[in-house]
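Beneath this line is the structure, given in structure tokens, with notes to follow.
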Amino acid sequence: MTVGQGDVYAQIVRCLDIAEAALTAAGASLGDVVRTRIMLTDVTRWKDAARAHGERFASVRPACTFVEVSRFIDPDWLVEVELDAIVD
């Protein structure tokens, strides 16, 4: 089931929740993230994604790239997030 159907902000928040849980399981945190890539099916909606990204990374400030993609496997998905972190 897609969280936040039609809502870029809700979907990126969910993606970041999943990423944060994975980092925690690896003994890391969002503070260890050095780069993010935000993929959107409609890049004109980047401000919604940027707002969620900024809420999580305001004090970390990783390098960030926004790109537009044609689609994802599930047509209800509007956003996907990739994170690179340095974990000791």
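Bear in mind that the values in this text are calculations on the coordinates, not laboratory data. Just so you know, these numbers come straight off a predicted model, no measurement behind them. Positions of Cβ are generated from backbone atoms using ideal geometry, with glycine treated the same way; all protein chains shown enter the neighbour counts.
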Please order 61, 14, 37 by the number of other Cβ within 10 Å, starting at the fewest. 61, 37, 14
Once the dipole of the chain is set up with Lys and Arg at +1 and Asp and Glu at -1 on Cβ about the Cα centre, which of 24, 50, 83 lies farthest towards its positive end? 50
Mean separation of Cα contacts under 8 Å (6+ apart) over length of the stretch 8-85, as relative contact order %: 47 percent
Per DSSP H run of n ≥ 4, the term is -39500 (n - 2.57); total these for the chain, divide by its residue number, and report the mean residue ellipticity at 222 nm rounded to 500 deg cm²/dmol. -11000 deg cm²/dmol
Under Stokes-Einstein, with the Kirkwood radius over Cα pairs standing in for Rh, what whole-number D in µm²/s applies to the chain at 25 °C and 0.890 mPa s? 187 µm²/s
Note down the magnitude of the dipole of the chain about its Cα centre, charges +1 on Lys and Arg C-beta and -1 on Asp and Glu C-beta and zero elsewhere, to the nearest 20 debye. 260 debye
Net length gained if the chain between residue 25 and residue 63 were fully extended (0.36 nm per residue, minus Cα distance): 11.4 nm
Identify the chymotrypsin sites (Phe, Trp or Tyr not before Pro) of the stretch 41-85 meeting these criteria: DSSP loop state and at most 15 other C-beta atoms within 10 Å of the C-beta. 72
Helix 46-57 sits off the longest principal axis of the Cα atoms of the chain, rounded to the nearest 10 on a 0 to 90 degree scale, by 20 degrees
At most 12 other Cβ within 10 Å, DSSP loop - trypsin sites (Lys or Arg not before Pro), the stretch 46-81: 71
Packing-based exposure ordering (other Cβ within 10 Å, fewest first) of 1, 39: 1, 39
How far, in degrees from 0 to 90, does helix 8-25 lean away from the longest principal axis of the Cα atoms of the chain, to the nearest 10? 30 degrees
